[in-house]
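What follows is a short report on a single structure.
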Amino acid sequence: MLEPILKTKLYLRIGLMALLIAPTGINAIQVKEQFNPDGSFWILGKPPADFENIGGINLNSHRSRRLPAAGVELSTGRRLPFKSLTVKRDSLLFTTSTLGGVSYAFSGRFLRGGVFSAADLDEKTPVLEGTLTKFQTGRKVAEAKLKFTYFGGT
């Protein structure tokens, strides 16, 4: 008859230890912040002369119909699709396809996290910064360090 009592005491001790450990374990678990920057990024301020034709950088990972297609949009309405694209919480890297001998590359970083379309972002607050490089027939012809604001679509 001692054996069931010892088992009960052992189970109670294990349960008590689990309760004591659980609160610190819960605090130690980090909830990963959701990150989704899909939308358009426009140059903050007046674009440099070599980049006046840039309408925006469009990210659309879910191919949403309410957002422009992914790529670099020109002020003419034409778009250069991404040839390579890496989007991470702390960085944005891309190269575009070539149109009329011109292509672009970008290396930058996001200045905030979260779901951009759900955030209250304005046209004056930069959310992305980095170096945009312009190539003509594969040769670098211009480069600028730029800041971008966010537009999530209508």
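Just so it is clear, none of the values below were taken in a lab; they were calculated from the coordinates. In this text, all values refer to a predicted model and were calculated from it rather than measured experimentally. Neighbour counts are summed over all protein chains in view; Cβ atoms, including those assigned to glycine, are modelled from backbone coordinates with ideal geometry.
Points to keep in mind about this one:
- One quarter of the convex hull surface built on the alpha carbon atoms of the range 39-151 amounts to 6.6 nm², the projected area averaged over directions.
- Using a cut-off of 21 Å between Cα atoms, the listed pairs 46/83; 88/134; 83/124; 124/147; 88/145; 46/134 include 46/83; 88/134; 83/124 as exceeding that distance.
- Within the range 50-154, the GluC sites (Glu not before Pro) that combine a DSSP coil assignment with at most 13 other C-beta atoms in a 10 angstrom radius are 52, 123.
- Residues 120, 50, sorted so that the one with the fewest Cβ neighbours within 10 Å comes first: 120, 50
- Derived scalar couplings between HN and Hα for the range 84-92 equal 9, 8, 10, 10, 10, 3, 9, 7, 9 Hz in order, rounded to whole Hz, by the Karplus curve 6.51 cos²θ - 1.76 cosθ + 1.60 (θ = phi - 60°), x for Gly and Pro.
- Annotation: amide H-H contacts under 5 Å for residue 83 (H modelled 1.01 Å from N, sequence separation of 5 or more, or interchain): 95, 96, 97.
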